[in-house]
Amino acid sequence: MKRSVLSSRMVLTIAALLFGLPFLPLVVASFSFRWHWPDLLPGAWLWDARGTTPFPVGWDYLFSPISGLGPAFLNTMTIGVATSLLAAFIALPAAYTLARHRFRGKEAVEFFLLVPVIVPQIAVGIGMLLLFIRLGIARTYTGIVLAHLVPTLPYSVRILTSVFQNLDPDYEEQARTLGASRMQAFRRVVLPMVLPGLVTALLFGFLISANVFLLTFLISGGRLETLPTMLFQFIESGAPLDATTAGLVLIVSAPGLVFLVLSDLLTGDPVAIGRTTLVQDAKQ
Amino acid sequence: MNKARRRQLSIFLGLAPALSVLTVLFVGPLALALIQSLGYAPIFGVREFPTLRFYTAVLGSTRFRLAFWYTMLYALVPTVLSTIFGTWLAVAARARMRGVRFLSFFVRLPLVVPYLVGAALVVALFANGGLVARVLFAVGIIQNTGDFPRILFSAGGWGIMLVYLFKQVPFTFVVVSSVLAGIGPELQEAARTLGASPWRAFRHVVLPRIFPGIVTSSLLVFAFNFQSYEIPLLLGPGFPGTLPVEALRRFQLPTIARRPEAMAYVMIITTLSGGILFLYLRAYRRWERSRGGV
Amino acid sequence: MSSISIRSLSKRYDSTPVLQDLDLDVESGCFFGLLGPSGCGKTTLLRLIAGLIEPDAGDILFDGQSVVDVPPERRRIGMVFQQHVLFPHMTVEENIAFGLRMRGTGLKAALPAVNDVLELVQLSGYNKRFPRQLSGGQQQRVALARAVVIDPVLLLLDEPLSNLDAKLRDDMRELLRSVQQRLGVTTICVTHDQTEAIELSDRMAVLFSDGIAQTGAPAELYERPANVQVAEFLGSTNLIPGTLVGTDHAESPIGRLRIREMAAAQCADGDAVQLNIRCEHIGMHPAGDEHQSQAWVRLPENHAFAEVVSSVYRGGFILYLVRSGSQTLRVIERSDRQFVPGARVVLRIPAEHVGVLPGPNGA
């Protein structure tokens, strides 16, 4: 028994290093000014080089207005918040219905609500671009938020459905017997009780939106920059261990990091995300 | 009867927003792509509906066949590897010991960052001037950047697959962990008291219970890899691209009249991906039935 | 408070009938126990009365008025659930005030009533606690307070004691009874625990999956069960196959027994019946030597010779398994006189405790 625990710890430690450690050189790189082949550490640091260059570099560049990071960050936030709110708003009644009712064709509905996760985004994206051009919403916030709904909505429905399933219908019935109407019972009893789940759904929706590249890339047509599309351009053109790219990577990773910490705190359950990733379907 | 009608109405009203939104935003674009691929695309000056011309053009090209095989390769290898390693990790992380939460935090980190972050990390580490090459130089294994094997931008797709692994081992880890959390350690412990070794207890008691979760996660992983765009575009060879990359290239062709080929491409990608997933699920269901499952 | 009438009520789930053609009357102010094994549909019945589910057929009347079309929030009932009894995100005060607030009273205005019922359930001063800070028994009491604060016409209790441990259950049972009597509210209590039903109820019904088997006062059901199912469900008893001889005797494997007077025309001479003899109604005495045995035989009262097979000490009394002829019987005796396995005994069975139930193998 002792040995197996030891080796489990070793496996997990190695994994933690493999997945966590690659971020470290980027932290170093983000503060570098010059990091030539074949040096293992930067030859010059950002703070040494300040004032010697005609324009800002590394973090200084990222935080200067010319980098476009500000608008990209704001765009990502705005689109992410709008998408997750809209997705939760649309998913809420559907999830409640799926959790509380049995009806004919329910499996078909559940399947349909999941398909967007499986169908290639490129297939949806190109058609969507043409459609949005027709509707005049290509290259707009509206267009991008609507596009982001496609990958987000299935997860929102899924998460909220399992949240409602975990809430015993007893509580609503108690409220009803105590004189609450259906709406009152939902607003006064159900909603406050599912609040943590709702927050998780919102966070998850935001995270998906903040990570989407292809749909943003297609619909925005380069007009609206988000963090992922900005990072794409930096990777495409930058050298390995480039300070600016490294800094941007860290910024782009920030929302995920926040999500991870928050969802751990909220659910107290390190694998809570797993339960939202469609696991239930496999059990059917 | 009035009550039954009211119930139906409330079910309908509950589902209507989600279903209509997805119909417009998801089915609509797919239907549009289908119609255009069959030759009705006035905006590209194509009005030949119905024709299979664009499909034959795509399917007949060497480019397509190459793209297909590379797409399969890049999708399948990481799926198999991440399923194995992710499951292994999940089982290891279940041991009751201190620090699991702390360590698993790092394992879960890649899950919540964009694939592009993974791409940036792989570039930083495995580019020819990257950190791994520098370490190899420092210890004297290679003499210059040219000696380092081409991991990125090569048809072998090592860079692409590394990014997938970076994201998907954690994904499998989290999914399988949550299934494991649901079944509890009692059965495994019972098996151990009955004389099963750890491996046999896992193989005969735990694995059958978590298998559905493994199937789902591998299915999602494969589906994602098969349609991924930005990673093969950034880290793959220029020619051939994967199917999604080729599809978008068709869409950007200067000859506008050939653009419906892009639509044919995306319909083929959708069909292939759906078909493969369907076959996989069917094989799994058969296997499950043969074991006396439902 | 109201009288409740249920008329040929039916409910099915997915073509499985749960209740069929059920009739029931509960008088105003009565504490009515609804006893039945799990799966008999008793909770379904309660939920139908509450309006949480709708019947497929039949009618439910409060004081002669049909309430089938009245939504639950307007039936003015108080209901105490089996589990998850309180809203976890509200304080005790808010929980109790909930029903009043739903009827348009502000939280402030509701406070006097809240404090009154808190006192009623002996929890004065617990206003600001959250449910998680209360014990299971306290939560149950708050739930009771919450149910009665709206001055309901009907109080519904769904297994109100099942999640409490033995000691708490006794306290809660007394509290339930005293609150019900103080308020005089018509109460229907669903339970699978016969002790609970017998001790609490003014009247009770035994419900099986095929319908209500018997309705009556607890003592009536216990002493004079209508059929084998009820006899077996209430308390522990012996069912012995027999054949009626005339109207006052029956032939059985333990000999010919004098029986209790039957209700008219229940069974006739020569019918195969089941004799119902409660374990505690059998007297057990040492058989003694040959001479004493002869004396027993001459006794006019029902008696049978038997041998003790085994005994289980049950605290204050002992449950014996005894064998008489081909028949095994269970006998409950006070523990101040003990018999060892193998001992020869005489069983005395007063005729007024030998009930006759129809059917050779009723169940």
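The values are calculated or read from the model by the stated rules, or taken from the named source; none is laboratory data. Because the structure is a prediction, the values reported are computed rather than measured. Reconstructed Cβ throughout: ideal geometry from the backbone, glycine too, with neighbour counts over all protein chains shown. Keep in mind that these areas ignore ligands, DNA and RNA; they rest on the heavy atoms of the full protein, side chains included. Shrake-Rupley method; radii C 1.70, N 1.55, O 1.52, S 1.80 Å.
Between the chain alone and the structure with every protein chain in place, find the residues of the range A:116-159 that drop at least 50 Å² of accessible area; heavy atoms, 1.4 Å probe.
The answer is A:118, A:120, A:122, A:123, A:126, A:130, A:131 - residues whose exposure falls by at least 50 Å² when every protein chain is included.
Can you work out the accessible area per residue across the range A:68-236, with the rest of the protein chains kept in place, probe 1.4 Å, in square angstrom?
Using a 1.4 Å probe on heavy atoms only, each residue of the range A:68-236 averages 36 Å².
Would you mind classifying the range B:1-155 by shape? Square roots of the alpha carbon gyration tensor eigenvalues, ordered a ≥ b ≥ c; an a/c under 1.5 is rounded, otherwise it is prolate if a/b is larger than b/c and oblate if not.
Oblate is the answer for the range B:1-155, as a/c is 1.5 or above yet b/c matches or exceeds a/b.
State the extension gain, in nm to one decimal, for the chain segment bounded by residue C:310 and residue C:220, taking 0.36 nm per residue of separation less the distance between their alpha-carbons.
Length gained between residue C:310 and residue C:220: 29.3 nm.
Hey, could you get me the Stokes-Einstein D for the protein assembly as shown, Kirkwood radius over alpha-carbon pairs, 4 °C and 1.567 mPa s, rounded to whole µm² s⁻¹?
Answer from the Stokes-Einstein relation: 38 µm²/s.
Considering the range C:149-297, what Rg and Dmax in Å follow from its alpha-carbon atoms?
20.6, 72
What share of Cα pairs, in percent, lie more than 19 angstrom apart in the range C:128-233?
So the portion of pairs separated by more than 19 Å is 49 percent.
For chain C, with every protein chain kept in place, what is the accessible area per residue (1.4 Å probe, Å²)?
Ligands and nucleic acids excluded, the figure is 45 Å² per residue.
Enumerate the residues in the range B:144-175 having an amide nitrogen under 18 Å from the point lying 7 Å beyond the Cα of residue A:36 toward its Cβ.
Those under the cut-off are B:144-146.
Quick one, can you get me the convex hull of the C-alpha atoms of the range B:110-201 expressed as volume per residue in Å³?
147 Å³
Just to confirm the number: angle between the C-alpha axis of helix C:136-148 and the first principal axis of chain C, 0 to 90 degrees, nearest 10?
60 degrees
Can you compute the FRET efficiency between residue C:38 and residue B:101 using 1/(1 + (r/R0)^6), with r the Cβ-Cβ distance and R0 = 51 Å? Round to the nearest 0.05.
The calculated FRET efficiency here is 0.80.
What aspartates and glutamates does residue B:167 reach when the alpha-carbon gap must be under 18 Å and sequence neighbours fewer than 8 apart in one chain are set aside?
Reachable aspartates and glutamates: B:230.
Show me, for the range B:41-47, the HN-Hα J-couplings you get by feeding each phi into the Karplus relation (A = 6.51, B = -1.76, C = 1.60, θ = phi - 60°), rounded to Hz, glycine and proline as x.
9, x, 5, 9, x, 10, 9
For chain A, what is the calculated [θ] at 222 nm in deg cm²/dmol (nearest 500), taking -39500 (n - 2.57) for each run of four or more DSSP H residues and dividing by its residue count?
-23000 deg cm²/dmol
Averaged across the residues of A:103-115, what count of C-beta atoms belonging to other chains lies within 10 Å of each residue's C-beta?
That average works out to 2.
May I ask you to list, by number, the DSSP H helices of chain B whose Cα span along the axis is at least 18 Å and whose average Kyte-Doolittle hydropathy reaches -0.5 or more?
B:2-22, B:62-92, B:158-183, B:207-227, B:260-290
I need the peptides A:196-204, C:152-160 ranked by packing, meaning the mean over residues of other C-beta atoms within 10 angstrom, with the highest value on top.
Answer by packing, highest mean first, reads C:152-160, A:196-204.
Write down Rg/Rh for the range A:98-247, rounded to two decimals, with Rg from the C-alpha atoms and Rh from the Kirkwood relation over Cα pairs.
Across the range A:98-247, the Cα-based Rg/Rh ratio is 1.11.
Name the residue, out of C:202, C:336, C:193, whose mean-square fluctuation peaks in a Gaussian network model built on chain C with Cα pairs under 10 Å.
With Cα springs under 10 Å in chain C, the top fluctuation among C:202, C:336, C:193 is at C:336.
Measure nothing but the geometry: give the 0 to 90° angle between the long axis through the Cα atoms of C:166-183 and the longest principal axis through the Cα atoms of chain C, rounded to 10°.
Approximately 60 degrees, to the nearest ten.
Could you tell me the center-to-center distance, by alpha carbons, between the range B:170-201 and the range B:11-74 in angstrom?
43 Å
Dipole of chain B (Lys/Arg Cβ +1, Asp/Glu Cβ -1, origin at the Cα centre): which of B:79, B:206, B:109 lies farthest to the positive side?
Result: B:206, furthest along the dipole toward the positive end.
So what is the 222 nm mean residue ellipticity for chain B from helices alone, if each DSSP H run of at least 4 adds -39500 (n - 2.57) and you divide by all residues, rounding to the nearest 500 deg cm²/dmol?
Using -39500 (n - 2.57) per qualifying helix, the result is -22500 deg cm²/dmol.
Take the Cα of residue C:269, step 7 Å along the line toward its Cβ, and report every residue of the range C:239-254 whose backbone nitrogen sits under 12 Å from that point.
C:244-249
Kirkwood hydrodynamic radius of the range B:83-122 from all distinct Cα pairs, in Å?
11.5 Å
Give me the distance between the Cα centres of the range B:257-286 and the range C:192-262, rounded to whole Å.
When both Cα centres are located, 70 Å separates them.
Ratio of Rg to Rh for the range C:237-358, alpha carbon only, Kirkwood?
0.99
Probe radius 1.4 Å, ligands and nucleic acids left out: can you give me the accessible area buried at the A-B interface, summed over both chains, in Å² to the nearest hundred?
8200 Å²
What is the ratio of the Cα radius of gyration of the range B:62-290 to 2.2 N^0.38 Å, where N is its residue count, to two decimals?
Ratio of Cα Rg to 2.2 N^0.38 Å: 1.20.
May I ask for the distance between the Cα centers of the range A:141-156 and the range C:99-175, given as a whole number of Å?
First find each Cα centre; the distance between them is then 46 Å.
How many square angstrom of accessible surface are buried between A and C, both sides summed, with a 1.4 Å probe and rounding to 100?
Chains A and C together bury roughly 2000 Å² of accessible area.
What's the local net charge at residue C:27, with K and R +1, D and E -1, over the other residues with C-beta under 9 Å away?
That sum, taken over residues with Cβ under 9 Å, equals -1.
What is the Rg over Rh value, at two decimals, for the range C:4-223, using alpha-carbon atoms and the Kirkwood definition of Rh?
Here the Rg-to-Rh quotient is 0.96.
Which number gives the lysine pairs in chain C that have C-alpha atoms under 27 Å apart and are eight or more places apart or on different chains?
4
How far apart, in nm, are two points set 7 Å out from the Cα along the Cα-to-Cβ line at residue A:170 and at residue B:147?
Result for the modelled spin labels: 7.1 nm.
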